[in-house]
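Notes follow the structure.
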Number of protein chains: 2
Amino acid sequence: MLHLETQSPESPMFQSTTMAVLVIGGAEDKVHGREILQTFWFRSGGANATIAIIPSASREPALLGERYQQIFEEMGAKYVKVLDIRDRAQGEDPYFQQYIEECSGVFLTGGDQLRLCGLLADTPLMERIRQRVQLGEISLAGTSAGAAVMGHHMIAGGSSGESPNRALVDMAMGLGIIPEMIVDQHFHNRNRMARLLSALSNHPERLGIGIDEDTCALFERDGLIRVVGQGTVTIVDGREMSYTNQKEVGPSDPLSLHNLRLHILSHGDCYHLHQNQPIAKVSGSLP
Amino acid sequence: MLHLETQSPESPMFQSTTMAVLVIGGAEDKVHGREILQTFWFRSGGANATIAIIPSASREPALLGERYQQIFEEMGAKYVKVLDIRDRAQGEDPYFQQYIEECSGVFLTGGDQLRLCGLLADTPLMERIRQRVQLGEISLAGTSAGAAVMGHHMIAGGSSGESPNRALVDMAMGLGIIPEMIVDQHFHNRNRMARLLSALSNHPERLGIGIDEDTCALFERDGLIRVVGQGTVTIVDGREMSYTNQKEVGPSDPLSLHNLRLHILSHGDCYHLHQNQPIAKVSGSLP
């Protein structure tokens, strides 16, 4: 495995094997550079990784699980298993639970975020995954639907092409891995700014994070978010919001949201969750 | 004309007959309440208004001009003329120039903003219109393409569904009525946030103003912007921007823009251009 030394997705300056949470905007490169998937593989231990793929968001879990399995095996991961959970009872399966104890990385595929939460939320398996993530023992990645579930509040659906309004977005409970954020994915690709703003109007204390396709917001354990990939990560910070009419208007009425802070971050940029500040890419510090 | 007393689009508290610039996001109601067009008519003098309609952005100027003429006549305007300018030489037409001297309101229709600027920019007629607007002698309204031309820099075209990038937007010179802003129209309806952000990356000293359909940003002479209509006015303020990679990246590369301020304003909200601050709707102060 010379791969790590010659094509490491992270430069020596930032090189780190610490566990991370990777929130991926969907449609990540699975064929060419595979930068994001390789970053996950690397953060899960690289050649020593033991990876669990949970394809439960998908209606074709076997096919999709197999595809990711092949990708991570091609990268050199020794142990990759698909936990094809199609029933909540499987969240108590001793074999699956044992594999989660042994693994170093968990990958949640795309599909339908309501389906994923319906199958996983509050199961012993999911509770153990969350616990191991919080302890920094494993890396967790989710793409598309697998990204949407990361917050406490989750965007379950919605539409675009309208002024921000409450009816533009359907909210549900997520898996709460990083509770303080509301994630939207395929973000600029599917024109989801208005729906993220609509979601935030009811939860201004949360951080809105819109992630474009083939783009990843990588959450380090110290509160730093790194941007990896081809698109942008949009951060809408409503914590200084001075006014919204959200409680006063009807569900289809246009919303007011005053004094939001907006950051568009691209590859190599960071954002410090605790300081609420973006950090520009240090020239040459990342490939 | 009981209309003014019973259905005034502005309450007594804010009632004003002073001239204003109305920047309309397109597709304004022409049939039912006609709130925005009625506000223009009222700000042009109401029953005493003398209105010039310039339909030159459109490829069907006669039809479109006639439609607006009929609307303003139905409201009770005594003098409404269509200045059907199809050639730059008409920008020196003495008859048109005389009408502009006598009018109290000028209305620019939708169509193609490049066509409108090509026909009007730097003509004596347009210079006189600009001068009279600056002196507060006439009201000026522009819808869709007629709104796009209001700034010094103008969005001539672009697309959506991508991460903000320089190639997402085509810029040109506008008519410079309110030079400090870059206008985008049909804003959330056509998902134009990414293109407005892309435009701003090169002009962070300008204020980005995205106006939804059937919505108007009404610029008072004292620097106050009032929101009238059914959608939102989005203000993106890049004047505190701490970083952009705009000069460093290729035309299709994703942009970074750090520390923008974002305001979503709805009907009755205001924004103070000089103080850079939104003002929430005073409950009950506007219909």
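The values are calculated or read from the model by the stated rules, or taken from the named source; none is laboratory data. Note that the structure is predicted; figures quoted are calculated from it, not measured. Neighbour counts run over all protein chains shown; Cβ positions are idealised from the backbone, glycine included. Areas reflect the complete protein model, heavy atoms only, side chains present, ligands, DNA and RNA absent. Shrake-Rupley method; radii C 1.70, N 1.55, O 1.52, S 1.80 Å.
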Next item on the list: Please determine, by comparing only the residues of segment A:50-98 that are free of Cβ contacts under 8 Å to residues at least 12 places away in the same chain and under 24 Å from A:Met19 (Cβ atoms), which one is farthest from the chain's Cα centre (by Cα).
Entry: A:Tyr95
Next item on the list: Provide a single number: the residues in segment A:129-174 that are open to solvent by less than 10 Å² (accessible area, probe 1.4 Å) and more than 28 Å from B:Thr215 (Cβ to Cβ).
Entry: 15
Notebook entry, point to check: So A:Ile264 clears everything in (1) touching a residue at least 60 places away in the same chain (Cβ under 8 Å); (2) facing another protein chain (nearest Cβ under 7 Å) except one condition, right? Which one?
Noted result: (1)
Next item on the list: Could you look through segment B:264-284, keep only residues that are under 18 Å from the mean Cα position of the chain (by Cα) and within 28 Å of B:Leu168 (Cα to Cα), and pick out the one that is surrounded by the most Cβ atoms within 10 Å (Cβ to Cβ)?
Entry: B:Leu265
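Each row is one residue, and each column tells you yes or no for (1) touching a Gly at 6+ places or on another chain (Cβ under 8 Å); (2) polar (S, T, N, Q).
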residue: A:Leu64; (1), (2): yes, no
residue: A:Lys78; (1), (2): no, no
residue: A:Ser104; (1), (2): yes, yes
residue: A:Phe107; (1), (2): yes, no
Notebook entry, point to check: Can you find a residue in segment A:113-134 that is away from chain B (no Cβ under 14 Å), more than 16 Å from A:Ala57 (Cβ to Cβ) and small (Gly, Ala, Ser)?
Noted result: no
Check: Does B:Phe107 satisfy the criteria of being crowded, with 20+ Cβ neighbours inside 10 Å, among the aromatic types (Phe, Trp, Tyr) and without any contact (Cβ under 8 Å) to a residue 40 or more places away in the chain?
Finding: no
Item checked: Extreme residue, modelled with the lowest pLDDT, among residues of segment B:25-60 that are more than 23 Å from A:Ser163 (Cα to Cα) and open to solvent by 40 Å² or more (accessible area, probe 1.4 Å) -> B:Asn48
Check: What is the residue count in segment B:244-261 for residues that are at the interface with chain A (Cβ under 9 Å from one of its Cβ atoms) and open to solvent by 50 Å² or more (accessible area, probe 1.4 Å)?
Finding: 2
Next item on the list: Could you check segment B:49-164 for strands (runs of 3 or more DSSP E) lying wholly inside it with 3 or more residues that are of a type in the set (A, V, I, L, M, F, W, C) and over 27 Å from B:Met193 (Cα atoms)?
Entry: B:50-54
Next item on the list: Residues being buried (at least 18 other Cβ atoms within 10 Å of the Cβ) and in contact with a strand residue (DSSP E or B) (Cβ under 8 Å, 6 or more places away or on another chain): count how many of those fall in segment B:61-80.
Entry: 7
Next item on the list: Any chance you could count how many residues in segment A:205-243 are buried (at least 24 other Cβ atoms within 10 Å of the Cβ) and either at positive phi or hydroxyl-bearing (Ser, Thr, Tyr) (or both)?
Entry: 4
Item checked: Residue satisfying condition, being polar (S, T, N, Q), facing chain B (nearest Cβ under 9 Å) and within 30 Å of A:Gly111 (Cβ to Cβ), within set A:Gln185, A:Gln277, A:Gln230 -> A:Gln230
